[in-house]
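Student: This is the structure I want to talk about, given as structure tokens.
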Amino acid sequence: MILSTLETKEVLTVVDRTSLDALAEVRDAKAAVAKRLDVHWTFDLAFALAVGGVFAVNTMPMPWGPLAAGPCIGAITWLSVIRRDRSGIWAKNGGPPPARAVAIGMYLIIAALALITFISSMALGQRWPALIAGALATMTTFVASRWWVSIYRKALAASEI
């Protein structure tokens, strides 16, 4: 079937409008996700303190250390669920590649701190390094969490997601 020039322009106009409407919907959805990512810094601080608390309780004698770790782990779980429910994002794969690098870096630092804490308490009998590891874990978690969100937001704006 051969379309006249006028009919072809009308078809293209309809397609262009539909494409532009779809693009506008995608932009609006990305803006809504970026807005849901905004959490107050105190939320990240509470999460970071709970992570640091898991390390710091290793300075306590048995059986108090493991008993005190329970509320810290519960707080981490509770805060993670709250963030997932508020933002609609569960960071199981780390997000876009730059944000994934931040998440992997944080996990590696936390794993190294856990190893140092384990070696210092079990092999060397020293419990004080757990306090330092707890402080470092708190700072690492807070900075990485804020940094991850800013990178994720930039990736949304740049249409990488």
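Student: What single numbered condition from (1) surrounded by fewer than 16 Cβ atoms within 10 Å (Cβ to Cβ); (2) modelled with pLDDT of 85 or more fails to hold for Ile151?
Tutor: Every condition holds for Ile151 apart from (1).
Student: Restricting attention to the stretch 120-132, which residues are over 15 Å from Phe55 (Cα atoms) and in a helix (DSSP H, G or I)?
Tutor: Within the stretch 120-132, just Ala123 meets the criteria.
Student: So, one more: Determine if the stretch 11-25 includes at least one residue that is within 30 Å of Cys72 (Cα to Cα), part of a helix (DSSP H, G or I), at pLDDT below 75 and open to solvent by 100 Å² or more (accessible area, probe 1.4 Å).
Tutor: Applying the first criterion (within 30 Å of Cys72 (Cα to Cα)) to the stretch 11-25 yields none.
Checked the stretch 11-25: no residue is within 30 Å of Cys72 (Cα to Cα), part of a helix (DSSP H, G or I), at pLDDT below 75 and open to solvent by 100 Å² or more (accessible area, probe 1.4 Å).
Residue-wise test of (1) closer than 30 Å to Asp28 by Cβ; (2) among the aliphatic types (A, V, I, L, M); (3) assigned to a helix (DSSP H, G or I).
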position	(1), (2), (3)
Pro98	yes, no, yes
Ala103	yes, yes, yes
Phe118	no, no, yes
Leu136	no, yes, yes
Thr140	no, no, yes
Val149	yes, yes, yes
Arg153	yes, no, yes
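Student: Take the residues in the stretch 105-161 that are of a type in the set (S, T, N, Q) and within 17 Å of Gly65 (Cβ to Cβ); name whichever of them is farthest from the chain's Cα centre (by Cα). Explain how you work it out, then say what you get.
Tutor: If we filter the stretch 105-161 for residues that are of a type in the set (S, T, N, Q), which is where we start, we get 117, 120-121, 126, 138, 140-141, 145, 150, 159.
If we keep only those that are within 17 Å of Gly65 (Cβ to Cβ) as well, we get 117, 120-121, 126.
On the way: Thr117: 24, Ser120: 29, Ser121: 30, Gln126: 33 Å.
This residue is Gln126.
Student: A further question follows. Residue under question is Val39, and the condition is that it be touching a residue at least 40 places away in the same chain (Cβ under 8 Å) and either within 27 Å of Ala155 (Cβ to Cβ) or of a type in the set (Asp, Glu) (or both); does it hold? Don't jump to the end; show me each part of the working.
Tutor: Numbers: touching a residue at least 40 places away in the same chain (Cβ under 8 Å): yes; either within 27 Å of Ala155 (Cβ to Cβ) or of a type in the set (Asp, Glu) (or both): yes.
In short, yes.
Student: Here are some conditions: (1) out of contact with any Leu (no Cβ under 6 Å at 6 or more places or on another chain); (2) within 17 Å of Arg146 (Cβ to Cβ); (3) open to solvent by less than 80 Å² (accessible area, probe 1.4 Å). Phe47 meets all but one. Which one does it not meet?
Tutor: If we test Phe47 against (1) out of contact with any Leu (no Cβ under 6 Å at 6 or more places or on another chain); (2) within 17 Å of Arg146 (Cβ to Cβ); (3) open to solvent by less than 80 Å² (accessible area, probe 1.4 Å), just (1) comes out false.
Student: Taking the stretch 32-41 only, how many residues are over 15 Å from Ser80 (Cβ atoms) and either assigned to a loop (DSSP other than H, G, I, E, B) or modelled with pLDDT of 90 or more (or both)?
Tutor: We begin by selecting, within the stretch 32-41, every residue over 15 Å from Ser80 (Cβ atoms); these are 32-36, 38, 40-41.
Pick out the ones that are also either assigned to a loop (DSSP other than H, G, I, E, B) or modelled with pLDDT of 90 or more (or both) and you get 38, 40.
Of the residues in that region, 2 qualify.
Student: Working only within the stretch 104-130, note down all residues that are closer than 15 Å to Met60 by Cβ and touching a residue at least 40 places away in the same chain (Cβ under 8 Å).
Tutor: Thr117, Ser121, Arg127, Trp128, Ala130
Residue-by-condition table, conditions (1) of a type in the set (Val, Ile, Thr); (2) at pLDDT 85 or above:
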| residue | (1), (2) |
| --- | --- |
| Pro63 | no, no |
| Ile76 | yes, yes |
| Trp90 | no, no |
| Met106 | no, yes |
| Leu115 | no, yes |
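Student: Shifting gears a bit: Could you please give the count of residues in the stretch 108-146 that are of a type in the set (Phe, Trp, Tyr) and loosely packed, with under 13 Cβ neighbours inside 10 Å? Step through it out loud before you land on a result.
Tutor: Narrowing the stretch 108-146 to residues of a type in the set (Phe, Trp, Tyr): 118, 128, 142.
Right, trim to loosely packed, with under 13 Cβ neighbours inside 10 Å and you get 128.
Number satisfying all stated conditions: 1.
Student: Which pairs have Cβ atoms under 6 Å, sit 6 or more apart or on different chains, and link a residue in the stretch 77-91 that is under 16 Å from Leu45 (Cα atoms) and part of a helix (DSSP H, G or I) to one that is of a type outside the set (Asp, Glu) and at pLDDT 85 or above?
Tutor: Within 6 Å, the pairs are Leu79/Phe47.
Student: For the stretch 82-104, state whether one or more residues are aromatic (Phe, Trp, Tyr) and farther than 18 Å from Leu156 by Cβ. Can you show your working first?
Tutor: Filtering the stretch 82-104 down to residues aromatic (Phe, Trp, Tyr) leaves 90.
If we keep only those that are farther than 18 Å from Leu156 by Cβ as well, we get none.
Looking through the stretch 82-104, none of the residues is aromatic (Phe, Trp, Tyr) and farther than 18 Å from Leu156 by Cβ.
The values are calculated or read from the model by the stated rules, or taken from the named source; none is laboratory data. Please read all numbers here as calculations on a predicted model, not as lab measurements. Because the Cβ atoms are built from the backbone with ideal geometry, glycine has one as well, and the counts that use them run over all protein chains shown. Only protein heavy atoms, including side chains, enter the accessible area calculation; ligands, DNA and RNA are left aside. Shrake-Rupley method; radii C 1.70, N 1.55, O 1.52, S 1.80 Å.
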